[in-house]
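A.B. asks: The structure under discussion is supplied below as structure tokens; questions concerning it will follow.
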Amino acid sequence: MTSLEGAPRITGSFDCSGNELSSLEGGPDKINGDFNCSSNRLSCLKGAPKKVKGDFNCSGNRLISLLGSPKKVKGVFDCSGNRLGSLYGGPLETGSFNCSSNRLRSLQGAPDEVHAGFDCSTNQLASLDGAPEFVNGDFRCADNWLENLAHGPVEVAGNFNCSGNRLMSLKRFPKRVRGTIDCSGNPATACNSPKPEPDRSCIRLVRDGSVRCCCQETGERHIKALSS
């Protein structure tokens, strides 16, 4: 299928994935369920429905822009696996937001409100500027170019994954993470704290020849980063 001409204006869920669409023109205006246009040949979202009450999946296309996307998606907004260099033009409010596996160097333009998880892993991010301050689900920024966590979320209700980056410091770590933390695959190796404690794990951070030992203290409900 190469065109959505003739599609209903209003519908429940709508799935046009796995076709050869280069445009969403002619598609539905309002979706009361999920909208799936993944795995097509889309370079932009012009013609996308204006309202989506469920999930919006535009992953696996050739998107270089989110212009035309619905401004509010109650479920998951998934634009992963595209060629995005910017998030401008995307939704203002979503449930979960997944922009992983793109070419992003900035999170500017990300939704103002994210009510569940946020995944910006496997991009080219050197900064988390533009990330939401509060994440009500999991936060993943793994496999980027991050050297620090400045401008990242202040509080994460789920898991926090910053593995596979270039982190040299735990400064600007979220003040509260209710789930598990994964900082593996960074330029750090394990170190022994002077007085090992069962609720504290430490890593040695090496930068410019200097060594620091930073510890994470695990409480019953959250994990707090402590710098030595």
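The values are calculated or read from the model by the stated rules, or taken from the named source; none is laboratory data. Owing to the predicted nature of the structure, the values given are computational and were not obtained by experimental measurement. Heads up, the Cβs are rebuilt from the backbone with ideal geometry, glycines too, and the neighbour counts pull from every protein chain shown.
A.B. asks: Looking only at the stretch 81-94, count how many residues are free of Cβ contacts under 8 Å to residues at least 40 places away in the same chain, part of a loop (DSSP other than H, G, I, E, B) and buried (at least 21 other Cβ atoms within 10 Å of the Cβ).
C.D. replies: 4
A.B. asks: Let me ask you something else. Of the residues LEU104, LEU67, which single one is among the aliphatic types (A, V, I, L, M), surrounded by 21 or more Cβ atoms within 10 Å (Cβ to Cβ), assigned to a loop (DSSP other than H, G, I, E, B) and in contact with a Cys (Cβ under 9 Å, 6 or more places away or on another chain)?
C.D. replies: Of the residues listed, the single one that is among the aliphatic types (A, V, I, L, M), surrounded by 21 or more Cβ atoms within 10 Å (Cβ to Cβ), assigned to a loop (DSSP other than H, G, I, E, B) and in contact with a Cys (Cβ under 9 Å, 6 or more places away or on another chain) is LEU104.
A.B. asks: Hey, another quick one. So, of the residues in the stretch 127-150 that are hydrophobic (A, V, I, L, M, F, W, C) and surrounded by fewer than 19 Cβ atoms within 10 Å (Cβ to Cβ), which turns out to be nearest to LEU104 (Cα to Cα)?
C.D. replies: Going through the qualifying residues, I end up with TRP145.
A.B. asks: For residues that are surrounded by fewer than 22 Cβ atoms within 10 Å (Cβ to Cβ) and out of contact with any strand residue (DSSP E or B) (no Cβ under 8 Å at 6 or more places or on another chain), scanning just the stretch 41-62, find the one that is nearest to GLY109 (Cα to Cα).
C.D. replies: Only one residue tops the list, namely CYS44.
A.B. asks: I would also like to ask the following. Given the criteria in contact (Cβ under 8 Å) with a residue 40 or more places away in the chain and closer than 25 Å to ASN61 by Cβ, does SER106 qualify?
C.D. replies: no
Here is a yes/no grid of residues against (1) among the basic types (Lys, Arg); (2) buried (at least 18 other Cβ atoms within 10 Å of the Cβ):
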| position | (1), (2) |
| --- | --- |
| ASN19 | no, no |
| ILE31 | no, yes |
| LYS74 | yes, no |
| CYS99 | no, yes |
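A.B. asks: In the stretch 130-158, what residues are in a loop (DSSP other than H, G, I, E, B), within 21 Å of ASN82 (Cα to Cα) and among the charged types (D, E, K, R)?
C.D. replies: Matches in the stretch 130-158: ASP143 only.
A.B. asks: Looking at the stretch 142-159, can you tell me whether even one residue there is within 10 Å of the chain's Cα centre (by Cα), over 20 Å from ILE64 (Cβ atoms) and aliphatic (A, V, I, L, M)?
C.D. replies: Yes, some residue in the stretch 142-159 is within 10 Å of the chain's Cα centre (by Cα), over 20 Å from ILE64 (Cβ atoms) and aliphatic (A, V, I, L, M).
A.B. asks: Step by step: first the residues of the stretch 36-63, then only those that are outside any loop (DSSP other than H, G, I, E, B) and closer than 22 Å to SER86 by Cβ, then the one that is modelled with the lowest pLDDT. Which residue is that?
C.D. replies: Restricting to residues being outside any loop (DSSP other than H, G, I, E, B) and closer than 22 Å to SER86 by Cβ, the top hit is VAL52.
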